[in-house]
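Computed from the coordinates by the stated procedures, all read-outs in this text should not be read as laboratory data. Note that this is a predicted model, so its numbers are computed, not measured. Counting neighbours? That spans all protein chains shown, and the Cβs are built from the backbone with ideal geometry, glycine included.
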Amino acid sequence: MRTDVLKDEDPVKLAEFEARIERGEKIEPTDWMPAIYRKQLIRMIEQHAHSEIIGALPEGTWITRAPGFKRKLALMAKVQDEVGHAQLLYSAAETLGKSREQMISDLINGKSKYSNIFNYPAFTWADSCFISWLVDAGAIVNQVANSRGSYGPYCRALERICVEEAFHLKYGHHCVIHMATGTDIQRKMMQEAINRWWKPMLMFFGPPDKISAHTEILMKWKVKMLSNDDTRQQWLDMYVPKIWELDLTLPDEKLRKNQDTGKWDYTEPDWDEFKRVINGDGPCNKERLAVRRTAEERGRWVREALSRPKAEYTIPLA
Ligand code: FAQ
């Protein structure tokens, strides 16, 4: 497959490109790069950007219902950060030649993917706490690794994103501790949220390495610095003990650290469900895209005004 996608590339330029990556140099937008490197980066950064703006929605619905003023302020700031991350990522993807308009259009028309996990509903405040702590934790494990990757603009965006995500993680952890050490009803709410999100969370890191379509080439070119399975294992290693410490349980009897392999054993989530969800048929896909579509339509006049700075507008009286 590798030889197939690279057959039209200049072998000398390709060898120099790969040597630069091997030496740990960053590839910048004006540098030569193979077409498939560009295409893969656009795909991955664009999906990441979409995940951030769509990811703002399940938590966003809790801003008005957050328990108390401090939580409301913190959640509002977090959601705003996630949208800001999307802006950084869209800018990084634009350096590779795809316009932001095209990316947004591909998102709202269902052509581009975004993270599976944001297609599930946040029924209770505890769901929002789960996202802020554990989904952000998963994003951090992935992003810290990839910030050491090969494409300069993506790595720089990730570095900045990770700093902000570190605050989200503390906020989320605080929220979960509060619930887990609260009343019986709060503990029950938190436990039920964990049970609901466990499988989508395992899926969040992508399909198992043996069936992952893009891992091989992305790791060869240091776009992905950890495989899907390794990222999942790292997250399990860091967060399962912390969840257990709070006397919360995880809905998988098979889950344990295997002392022989040094890895976590767990029940595989339903990968058919994963495929359905990422291809548009999850519990909230339609709702999520409808929100983005409305935002796009309502904001059109602003974008048009910005693109024609010399045009004169009449200020409406009402
Ligand atoms: N969801 O060959 P692989 C966040 C697709 S940011 C949906 O293994 P790859 C912040 C994949 O695109 C979260 N689709 O793919 C936040 C491919 O489909 P395609 C997002 C998925 O690229 C927190 C097919 O399956 N983070 O959460 C998923 O090598 C809280 C085959 O898979 C990033 O995007 C999935 N989970 O590895 C915001 C990080 N997994 O395109 C708000 C950057 C796989 O061929 C609140 N991305 N697919 O049609 C990556 O690191 C990689 O793209 C992976 C997937 C690891 C996600």
Practice prompt. Could you list all residues from the stretch 23-53 that are closer than 23 Å to GLY84 by Cα and part of a loop (DSSP other than H, G, I, E, B)?
Written response: GLU28, PRO29
Worksheet item: From the residues in the stretch 98-112 that are surrounded by fewer than 17 Cβ atoms within 10 Å (Cβ to Cβ) and not in a loop (DSSP other than H, G, I, E, B), which one is nearest to the ligand (Cβ to nearest atom)?
Response: ASP106
Worksheet item: Within the stretch 242-282, which residues are in a helix (DSSP H, G or I) and under 23 Å from the mean Cα position of the chain (by Cα)?
Response: LYS242, ILE243, TRP271, ASP272, GLU273, PHE274, LYS275, ARG276, VAL277, ILE278
Worksheet item: Within the stretch 271-286, can you find the residues that are exposed (fewer than 13 other Cβ atoms within 10 Å of the Cβ) and of a type in the set (Asp, Glu)?
Response: ASP272, ASP281
Item to complete: Could you tell me whether the stretch 158-174 includes any residue that is more than 21 Å from THR231 (Cβ to Cβ), surrounded by 21 or more Cβ atoms within 10 Å (Cβ to Cβ) and in contact (Cβ under 8 Å) with a residue 60 or more places away in the chain?
Response: no
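If you check SER132, SER91, SER115, SER147, which single one turns out to be under 28 Å from SER227 (Cβ atoms) and crowded, with 23+ Cβ neighbours inside 10 Å?
Step by step, each of SER132, SER91, SER115, SER147 is checked, and only SER132 is under 28 Å from SER227 (Cβ atoms) and crowded, with 23+ Cβ neighbours inside 10 Å.
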Fill in: Count - residues of the stretch 180-210 that are out of contact with any helix residue (DSSP H, G or I) (no Cβ under 8 Å at 6 or more places or on another chain), assigned to a helix (DSSP H, G or I) and either of a type in the set (A, V, I, L, M) or more than 16 Å from the ligand (Cβ to nearest atom) (or both)
5
Worksheet item: Within the stretch 23-42, restricting attention to residues that are without any contact (Cβ under 8 Å) to a residue 60 or more places away in the chain and of a type in the set (Lys, Arg), which residue is nearest to the ligand (Cβ to nearest atom)?
Response: LYS39
Worksheet item: From the set of residues in the stretch 113-166 that are within 9 Å of the ligand (Cβ to nearest atom) and outside any helix (DSSP H, G or I), which is farthest from the chain's Cα centre (by Cα)?
Response: LYS113
